[in-house]
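Shown next, in structure tokens, is the structure this report addresses.
The values are calculated or read from the model by the stated rules, or taken from the named source; none is laboratory data. Here the structure is a predicted model, which means the values were calculated and not measured. Note that each Cβ is placed from the backbone with ideal geometry, even for glycine, and that neighbours are counted across all protein chains shown. For the accessible areas, the whole protein counts, side chains as well, though only heavy atoms, and no ligand, DNA or RNA atoms are used. Shrake-Rupley method; radii C 1.70, N 1.55, O 1.52, S 1.80 Å.
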Amino acid sequence: ASLETAGAYSLSVEDETKLGKQFVMSIQRYYEFVEDDFAVRYINELGQYLLKPIETQFFPFRFYILKDYTMNAFAAPGGHLFFFSGLIEMTEEVDELAAVVCHEIGHITARHLAHRIEQQKKIYWANALFSEADWDFNVKAVKRTREEGYDVFLPQEAFGKDANGTENLNFRFR
């Protein structure tokens, strides 16, 4: 049985695909995408070549270059991979770039993002049990925050006290 059919993740492939599309739209609001045909074709052809040995692909992979001189790359939900132009410009050999592409592909094929979301759900529910009195507030706050397009991460220390000593949630936004 695959990880998906074994129920290892509560986030289905379909849900992760939808989340990925929303994520790309969000990224487009904050970053300019490189539109150079040669560069875009190059990163996509390199990525597709590196994907050939992978037997199980839950998503179609899409590769993007962001116009930003940061040396970074990241994997997003649903098979979307982003590479900063600064990283690409700093690589001297295709092997260097291929290593980064493979690293990011690994996050997606291992479904690390789904696993992380599953962990955060468990932490959220554990924390919610400790604060039943604030249950309505917690649910409303999380719902409102998600409607505004933010992911809500509730680590172990999610419950804190403000300056007046009132219990509340401390949100971390990404």
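Here is how the numbers come out for the structure above:
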quantity	calculated
Packing-based ranking, highest mean first, of 40-53, 13-26, 70-83 given that Cβ atoms within 10 Å are counted	70-83, 13-26, 40-53
Percent carbon-and-sulfur accessible area, the stretch 6-94, ignoring ligands, DNA and RNA, probe 1.4 Å	52
Sites matching GluC sites (Glu not before Pro) across the stretch 51-102 that sit in DSSP coil, with at most 12 neighbouring C-beta atoms within 10 Å	Glu55, Glu92, Glu93
